[in-house]
1. Answer rounded, prolate or oblate for the stretch 258-363, using the Cα gyration tensor with square roots of eigenvalues a ≥ b ≥ c: rounded when a/c is under 1.5, else prolate when a/b is larger than b/c, else oblate.
2. Roughly how many nanometres apart are two label points built 7 Å out from the Cα toward the Cβ at Thr256 and Ala592?
3. Kindly state, to the nearest 0.05, the FRET efficiency for Gln471 paired with Lys206, given R0 = 51 Å and r defined as their beta-carbon distance.
4. Between the stretch 234-299 and the stretch 11-76, what is the C-alpha centre distance in whole Å?
5. Apply the Karplus parameterisation 6.51 cos²θ - 1.76 cosθ + 1.60, with θ equal to phi minus 60°, to every residue of the stretch 440-451 and state each ³J(HN,Hα) to the nearest whole Hz, in sequence, with x for glycine and proline.
6. Rounded, prolate or oblate: which fits the stretch 446-485, taking a ≥ b ≥ c as square roots of the Cα gyration tensor eigenvalues, rounded meaning a/c under 1.5, else prolate when a/b beats b/c?
7. How much of Ile26 can a 1.4 Å solvent probe reach, expressed as accessible area in Å² and rounded to 10?
8. Just how far, in whole angstrom, is the stretch 339-378 from the stretch 78-136 if you go by their alpha carbon centroids?
Amino acid sequence: FGNLVTMKWWNDLWLNEGFASYVEWIGTDKSEPNWHYFDFQTYSDKSRAFAIDSYTSSRPTSIAVSKPDDINAQFDSISYSKGSAMLVQAKMFMDGTGKDTENFENAIRNYVMKYQFSNAEQSELYEELNKVYNEGKEETAEDYMNIVEVMNTWTLQMNFPVVDVRRYDENHVVISQRRFLISDSDSSGDKDSPYGYQWYVPIEYKIGNDSVQFLWLKPNSTELIEFNFTDTANFLRLNLNSAGYYIVNFNYDLNTRLLNYLDNPANYKKLTTSEAQGMMYDTFLLISEGSKPMSEGLNLIDLMLKYEDRLVPLKEISRQISGVSKHISENEGLNKKWKNRYQKVAADLYTSTEAVKYFKSSGVEEELPKDEDDGGFQKRLKVVFAVNMACGYGVQECVETATAKFDAWNKNTGENEPKAEFKATVMNTVMSKDVTDDVKEQWAALWGLYTNPATSASAKQTIYYALGLIQDEDTLLKFSEYCLDSTLVRPSDALYILGRSIAQTRLGRHVSWKFLTDNWGRITEEFTDALFAVDAYIAGVLSDFSEKQDLDDIEEFFADKLDSLGPGRAAYESALQSIRGNIAWRKEHEAAVEEAVADLGN
């Protein structure tokens, strides 16, 4: 894709980039099966795509391309991550869970062989999928499905569906679909859809512990599934392995039945890694939509933490806890209590992974598990995750170790260097501490390391993310000014520092916004050709605001600058959608967070 077979035009860019992302996962998983690398696919690609595709500012995977800006706008998470996620879904409906068939792969082989050394369109790929899927079937057959039409509903319209599942009568559940959008998404810039935002949705499901079943939920239709409601222990699981590019919304009864079943260690372990991760992610997306209360998210976190010890679901739990923290970051007292609520979770993980063996303030540390060890790849990542979480949530032992490591390294430049896996955590922890003269000196030491010509580009990136964490306005303003001096900061780093490093905290976000408004002319003149970085800069500075006054100020400032944003216009519009969603989230859910932490001290 891109070499042996090349897209006919830029509107099908996702064929190149989506397949590249997809093959990265399956290639690594095949070559290193003990890594269980594909476990990370839904956590990474699908979640990254949903983050953009949840707003009316998103775009279809395949769009008309008539000018250079249209091309540049396609190098985003829709092409790369949604493209990859749609291929995972296609593999699911072509072959099914737990089967050894290679219908999907055979269709891809046919496509590549037919169009090798030439150009092809996405519809020609769909035709090959259609031939394999319907081989031996008459078009009038009940199980015939036009895969060309199926794929068009996923690539020619933006967003994705919510599959709503609710009780129909004592013996049936009814399944329907609707378009998902984050609460308070601005519909003024909405786009028409040739399919009315309805999809052909492939659904794998299990009733109780029965075998896997499959159905197609067609546009503008519903499906009934036989289900015995009189059996109080009966439950339903949908979107197995989280392979479908949609989210599932069970009504209260069905959701309670499933959680009651899962509230048992043996039953919980029947969830695949991807399904557990997807359940958590879906729940918090539905909270953001406004269709679930925060209490359901909190209850699910508590349940999963009772039984979960796998890395990817734990990372998802942490991501959602951090997401709530970001939403309430303007309420600093509440945010501090919220983090305190999960400090013990972080401390317990730090203990259970025996992180202290690998992360010591003094003495000989053990080597981290190696990839070739049984389960070593994920064990190593889990230890690193545990250390990062413990330090991030202020677990005293972890913070003290990180500080001691930094001081030893700083005093003996080139010696006592932390393990590469812990270096970012050490720097981030020290920079996040309450500001003192010592912390300012440590910042200066890191700045010296960043400007050292001998420091590698990858090391510089780790350093600049840490530098942006310091909670001192004057230092952050100074750092911002440095970014406009190419003798101090590489131009390729500058906008990422301003948008992603400095803006990653509440204080930094406000500093970055003021710096943007005070220096917009200098910034646009200096970085005219930095198309990708401009997108990241605008999104990074703006997206996490959550107050109406900030939204008004942003819209007023950019009112006469929209035409000059170029491809950054899409990032700006997406940021506005995000801010509106944040405002709605706080209005709907902040009181529930306050109630959840009411019994905690500061």
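1. Taking the square roots of the gyration eigenvalues as a ≥ b ≥ c, the stretch 258-363 is oblate.
2. Taking the two extended label points, one gets 1.6 nm.
3. Values: r = 49 Å, r/R0 = 0.95.
Working from the Cβ atoms, E equals 0.55.
4. Centre-to-centre (Cα) distance: 24 Å.
5. 5, 5, 5, 4, 4, 5, 5, 4, x, 5, 4, 7
6. Verdict is prolate for the stretch 446-485.
7. 60 Å²
8. First find each Cα centre; the distance between them is then 41 Å.
The values are calculated or read from the model by the stated rules, or taken from the named source; none is laboratory data. Because the structure is a prediction, the values reported are computed rather than measured. Using ideal geometry, Cβ is built from the backbone for each residue, glycine included, and neighbour counts are taken over all protein chains shown. Side chains included, ligands, DNA and RNA excluded: accessible areas come from the protein's heavy atoms. Shrake-Rupley method; radii C 1.70, N 1.55, O 1.52, S 1.80 Å.
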